[in-house]
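A quick write-up on the structure given underneath.
Values quoted throughout were computed directly from the atomic coordinates according to the rules given, and no laboratory measurement underlies them. Just so it is clear, the structure is predicted and the values come from calculations on it, not from any experiment. Cβ: placed from backbone, ideal geometry, glycine included. Neighbour counts: every protein chain shown.
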């Protein structure tokens, strides 16, 4: 007989579950505060726990952590109100199997969830997620963080909530959005994507909301917009951070009311489209710089998914390389271990998209010449291997700068680094001053580039502002980024 623990301080909720589950042959236990929870956890293990997020003297997150430690095999469902959905999603990140919103509007759905969690079906969810990802071309790799992302995306796909995806260019934001759509109950309805930064404001407004015949010059017939076409499906708003202030206002209204007007019309239309937005810039930073509306971010950021850059999951590179190799060349070619080492050590500013291009280029040039692709066929260099400093020197930051990373102190920072390197080499038996100067020049390039990249992240790519913060000229900024000869 399966044992279920109901943790809620409202006796009406406890009575509801007693009535709902009375004929299912289950053993029910109830707790309404921390002491009662502790008492229940001393008994035999439970197979399922339904936990209210807010209790008088504790909360669902703390109970979840305690249960996962005491009974790792117990499935946990968080019960929450709409205003605390973000906290429930945080619980899922910490190991909860699902969440349900109170009041319970769909009793059949609730019963199906309980039945599912009490069977072995949930053990197949990860396999289902991996199979679906492979089917649509969402290559996960072997890193734990990507598997965790996939699992979380698969769970929230079932919920009718707005999702914000953040990640650098080329990480695969659109393919993750498509995965969520395919894993959701909306999979038989349209998935429509639009790049908010690729279209002029007037054209984007027409694409999103549609227009009436004669609304403007060239509007020779009525056109439905994406909000109308994607109703009951999914609308993916890529690069939402690039949307103009006017478009942001209109998007906010749609998210608040689920209503919109076509260009040139006074009639309101309703949409049931699920919104998934994506941005390569951090929208919280854009809000601070008054480049993005805070109220719109609040509406978009119901749940946020972050795709890690490729340089933070280098263990996935061999898997991704093999996948791309099989897709383009079958079993005829392979990459040497040296070539894989170069790819592991490269920074990949273009992420998976850049990796795909590098692999395609290497296959093209190696075809007919060799069966093993060496570093000579790669259009990249192992940037990390060019960091010539010893591990001791790299890890020992000058004490005057520990705990600080003020971009404005770039010149002083570099000078202290150079003096430290020179003094360390002078203490050795052999001194090659020209070599030392050459190495310190390379150091200036490496460390300077790190400062520049940090400043560019803080200014969301604004090079003029980054130059001002660093107190260097745009030409010096380009030099530190190894862009000599390029125009401003």
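At a glance:
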{"read-out": "99, 19 arranged by Cβ crowding within 10 Å, fewest neighbours leading", "value": "19, 99"}
{"read-out": "Label-point gap, in nm, between residue 282 and residue 453 - each point 7 angstrom along Cα→Cβ", "value": "1.5 nm"}
{"read-out": "Most to least packed among 27-33, 262-268 [average Cβ atoms within 10 Å]", "value": "27-33, 262-268"}
{"read-out": "Region 3-119 shape via C-alpha gyration tensor axes, a/c threshold 1.5", "value": "rounded"}
{"read-out": "DSSP bridge pairs, region 3-119: antiparallel proportion in percent, nearest 5", "value": "5 percent"}
{"read-out": "Two-decimal Rg to Rh for region 13-66 - Kirkwood Rh, Cα set", "value": "0.96"}
{"read-out": "FRET E, pair residue 246, residue 160, Förster distance 30 Å, beta-carbon r, rounded to 0.05", "value": "0.60"}
{"read-out": "Likely footprinting exposure, 63, 78, fewest C-beta neighbours within 10 Å first", "value": "63, 78"}
{"read-out": "Taking 250, 232 and counting other C-beta atoms within 10 Å, the order from fewest to most", "value": "232, 250"}
{"read-out": "Residue 338/residue 147 FRET efficiency (R0 25 Å; Cβ-Cβ; nearest 0.05)", "value": "0.30"}
{"read-out": "Pairwise Cα inverse-distance average, inverted: Kirkwood Rh of region 144-306 (Å)", "value": "16.2 Å"}
{"read-out": "Where only alpha carbons of region 164-221 are counted, the Rg and the Dmax (Å)", "value": "15.3, 41"}
{"read-out": "Inter-centroid distance (Cα atoms) of region 217-254 relative to region 69-106, Å", "value": "33 Å"}
